[in-house]
Structure formats: C-alpha cells, structure tokens
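One structure below.
The values are calculated or read from the model by the stated rules, or taken from the named source; none is laboratory data. Computed from a predicted model, the values in this text were never measured in an experiment. Cβ coordinates were reconstructed from backbone atoms using ideal geometry, including for glycine residues, and neighbour counts include every protein chain displayed. Please note that ligands, DNA and RNA were not included when accessible areas were found on the heavy atoms of the full protein model with its side chains. Shrake-Rupley method; radii C 1.70, N 1.55, O 1.52, S 1.80 Å.
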Amino acid sequence: MKIGDSPSESSDACLLLSLPEDSFAVISRFLSPSDICNLSLCCKSLSDLVDSEKIWFVQCEVVKALPLSEIFQWRTGISSYKSLCRFLVEVVNPLVGIWVHQNPELGNVVYVMPGFLSVVGCRIIPQEVGPLGIQEGRVMWSPVFEIISGLDGGSTAFFLHGIDRESSCLYPGFVTSIDKCCNVLLLEVEPRRDKRLCGEVENGEVRFPFCKLPFAERRKLLYMVTGRVGLNVPEVSSGMIFPHKAMSLERRAMLLKMHKFGGNWNHMSLEDELCYDPIQVDINELWTNLGYGEMDDENEIQDTQRKSLSKYFRSSIKRILRRSSSSSSKQHTCSSSSSSSSSEIRRSNLQTFLSSGDSVGLSVKATQTKLSSYRGWPNMHETRFALYKLPSKDPVESQEYAGLWGGTFGWPPGKFTEDKPGKALFLLMLTYEEESRDDSERLLIGTKILEGTHYVMHPNGSAMFVVKIGSPSSEIFPFDDTNGEEFEHCYTGEGIAKGYGFRYPGYKPGSLFVTSKGLLVFVWKETKVVLTLQRLDLEELLKKGVCVSPLPPCLNFTYLTKSHTNVFASGRRTS
C-alpha cells in the first residue's frame, strides 16, 4: 500500500486486480471510456488491466456508434480497439446526424454517417419519388466531405468533395477541432507553421481568427486555396464511398496517401517523406496572388495597425464634430479618409492572420455555439461557410413520433398517373415542444427540411403542421378509401397554408391520423389535401441510393446564395 492511500482504496484496487479479465470486461460495460482512462491513471497494475483489447472492445460497443459487425471490420484497419474507441468518441459520435443550411430554400440537408474508419457527409438532393416509393426506390445524393482516421485513431485526414471543370476532385485539408457537443460545422482556411496548425493562441499572443475577416476576403481565400490543392479522382459513386469489405482498406490507404503526398500519391508509399506539404499553399505566394505585393514583417504590421486605427478614429471624430458646420466637399474628404483607413485596417488584419504561419490549408472545425431557434429550426449566420446540426431525439415512450420522417402529398400513398409519374419528396423533422407545458397542451411540430418540388412552396425550416399531441380526437378519417390502413389515433391542429407572402405563411385547421402500420397522415380540413409520412433510415437509403456529382467545392459545402429553385439539379449525372 502506498503512503497516503487508505486501506479501503487499496483493497478496492486489489479486488479489481483479482477479477478474471472476462468478469472485469462485464463490469466495464457500466463504465464510460473516460472512466476507463481514469482507472488507468490510478496505478500501473490497473493501467495494464484496463489496457487490454477485450476491455476496449467492450467500450467500442458501449459508445453505440457502430453495430457489432462493423466494429470487427473497422478493427482491421486500425492499431487497436483503444484507438478505434478514440475515433468513435472524438469524431464519429459528435458528427453523425443531420446538418442543414437555410439556403437554398428547397432544402440543404447533409447527413453525416459512418463510412469505413471515417465519417461521410452526404447531401440529399431535392427530388421526386417514383412508383417504387421511398424505401424501395433509389434516393439521389452527392458527397460533401469525408474525415478519415489514421492508424492511431487520433490523427485524421479531411477531404472536401467538389468538381472542377466537370471532373470530380478531392480537396484535402485538416481537422482543427471537434467539440463533443458541436452544433456548427465551419469550413475555413488555417495558417500552418512547420506542418502544424497555428492555434488561437500562438506564443502567448492571440491570433487574428479567420471568422473575423470580412466575408469577401474569407470567400476569396477559400476559393484560392481550393483552386490550388484539388486532386482529380475518378468519378465518385456509391460503391466507391461505401465500398465492399474487400475494397475498404484499399480505398482508405489510397486516400491517406493522397492526403500526405497530394498529386504525387500514386508514386509513393505511406512510409515515404516529402520535403514540402503538397496540400498547402505558400503564404507569400497567396499574398501576391491577392494583389498586395510583398508582405510586411511583423513590426511593420503592428506599426500599420496602430497608424490605421489612429487615423480611422481621428477622421471619425472630425466627421462628428464638423457634421453640422462643414461643407459637403469637406464631408466627402473626411469620408474618403475614413474609407482609406478602413481599407488599411482590413489589409493589416488579413496580413496578421496570414503571417501567423508559413502556409495555409483548408480546415474544418466543429464547434458548440449558442444558437437561437424557432420551433426547432436554428437561426443561421448568412455569411459563414457553415452547416448547422439539427437536434434529434430517438423515439421514446412519451415522444414516440420524434425523429426524421419522409413522404409525399396525395392519398392513397404511392398512387401515380401516366402524366405525373413522380411526386415531390418531403423530409420533416418531428419534435415535441418543451415538456414544461401541460400534457394536454403538448405540441408535435413537423418542420420541413427538404422538399422535392421544382420551385419552393414554403420557406426552409417552416412548420408543415402543428398538432396538440396531448389531446386525442375522435375525428374519423375523411376518405372512404382507407388503402387497407387502420387508423388508431387522431390529433387536431393546424397545417401550413398561404399567408402574407412567401416568408410569412399562414395556417389552416387540420388533423393528424396515425395508422396501425406506423404511417402519419395529415389532412387539411378545408381542402382535403393529404401529406403521408413514414419513418426513414437515412443511412440504409443512402447506401443503396444513387450518387451524383457535387457542386464546385465551396458551394458544395455551403450554398450561401438565396435561391428558390433546385441548384443541386446540375449534378444529376449518375455514376
């Protein structure tokens, strides 16, 4: 017993050490990966005990990121179950889910799902559903990005997907950070020094962050970097991104070589080294291409910042003091001086940002940000290359309808005509309003996140219906043709309708019917229009779906331009 240890602490450790490994593995199912790591810090004997493959295999099951069969498959490409668990906890669990953006209004839905020792961001294309229906048909999607694990589970490789002059490309970059409770995914440009990312604090000084640069400069930097680091690849397909087991290791090894060696990957092995980083852009070269000439040294940058700020404030004060008495020509002169000072500050800030490294590369960062929202739809920043994660709850006894649903308008569902062989696909996220409300007044909200029409009907993030889920109704289904369905429950509420222009829709009375086969059917009372929904498993739909070409890289990550049409339709060349 060590000095300072109590007899009970020592006996507890001895008890754990005396257990057979299989028994301790069973006990470890009630512990988290962080608990296991804390045990390893207690003493060397416990560290040896919890460092076994069997214990960390159990932890890979505990985090519930993968089914058992895939845990075995992923282990073949990584050094240990401990490394695998690290990747599952730090990358897979935080990122897997539904990510969205406000633009275009038809829907911008990116589902992040496990690949092979990776996570893959897949965009669901606004589309129509054919006679085979949603489950039996083939959903169209396009790749957005991939994050691939290294052998140790801690190192990662980021690839942005896109096209360049009609050919498919991969744009390698770096993962800056992933918050375990992240809700915003940012595409940025990051300075690097000696192949290391420059953090927010470098040598005790706070670095000028990318997000503080003006939008025009952020966009220009992203476009210039993607224009330099892109790698041509064969046209993407579902089979390439979600390969069979025999091809999984081969594709991953190819991508890791591409990330390390850039365009030279085909002539190198992972053990080789290069004297330069092919997936980065030299700072001085980038600065010259921006049209600014040569970069100043660090002292000149600081001196320029002080002079520009001083000049800006002096001109601002003069403009305020002379506003009432100065002539229009003097105001114009003062305004021009202020504009010149602002331009100098922007230039200085950009140089401060770039000068914190020797080169720059693409990066992705997943952060937790406090976001306001309305009925489950986040309020989004209009000038950031970002995706926003939708909160999603698994269905439980008190919230059995929560989660993702998909469907089409019309009754009976799946009924088509010769002149209209397809129906627009709608994806809705169903959520419950705060539980603090009285149970009888609880609301179920169906938020639209995608619609497959040619021209948008309602704003992205609109509530397609709101029903009082705590107050069942005895209303009868209004159609004689029940399509063989038995209706078990009914709830009254309101459905979306025309209002004051596109941005402010109205609502009309309607009812939500629940069938014995698990369908949700909302019927507008006045018009008898029907929206039929079924629960969806996006992961399975995408794996058997049709992969189509993406947009150019930056637009493919976030489409910031407001649009009411299907901007992703141009990528409908099936692979």
Fill in: Förster radius 45 Å - calculated FRET efficiency between Cys211 and Phe30, Cβ distance, rounded to 0.05
0.65
Worksheet entry | Whole-Å semi-axes of the ellipsoid equivalent to region 476-575 (Cα gyration tensor, √5λ, descending) | 34, 22, 11
Discussion item. Using protein chains only and a probe of 1.4 angstrom, how many square angstrom of Leu151 are accessible, to the nearest 10?
Written reply: 110 Å²
Item to complete: Could you please put Asp51, Asp394 in sequence from largest to smallest accessible area, using a 1.4 Å probe?
Response: Asp394, Asp51
Discussion item. Distance cut-off 30 Å, Cα to Cα: go down the list Lys220/Lys393; Lys415/Lys448; Lys64/Lys562 and report the pairs above it.
Written reply: Lys220/Lys393; Lys64/Lys562
Worksheet item: Using θ = phi - 60° and the Karplus curve 6.51 cos²θ - 1.76 cosθ + 1.60, what whole-Hz ³J(HN,Hα) does each residue of region 552-561 get, with Gly and Pro shown as x?
Response: x, x, 5, 5, 5, 7, 9, 9, 8, 6
Discussion item. In whole Hz and in residue order, list the ³J(HN,Hα) couplings for region 81-95 that follow from phi through the Karplus curve 6.51 cos²θ - 1.76 cosθ + 1.60, θ = phi - 60°; x for Gly and Pro.
Written reply: 5, 5, 5, 5, 4, 4, 5, 5, 6, 8, 10, 5, 4, x, 9
Discussion item. For Cys42, what accessible surface area do you get with a 1.4 Å probe? Give it in Å², rounded to 10.
Written reply: 80 Å²
Fill in: Charge context of Gly495, other residues only, Cβ under 9 angstrom, K/R +1, D/E -1
+1
Practice prompt. Report the net charge of residues surrounding Leu185, where surrounding means a beta-carbon distance below 9 angstrom and charges are Lys +1, Arg +1, Asp -1, Glu -1.
Written response: +2
Worksheet item: So which GluC sites (Glu not before Pro) in region 489-575 end up in coil per DSSP with only 14 or fewer other C-beta atoms within 10 Å?
Response: Glu526
Worksheet item: If Lys and Arg each add +1 and Asp and Glu each add -1, what is the summed charge of the other residues whose beta carbon sits under 13 Å from the beta carbon of Gly227?
Response: +2
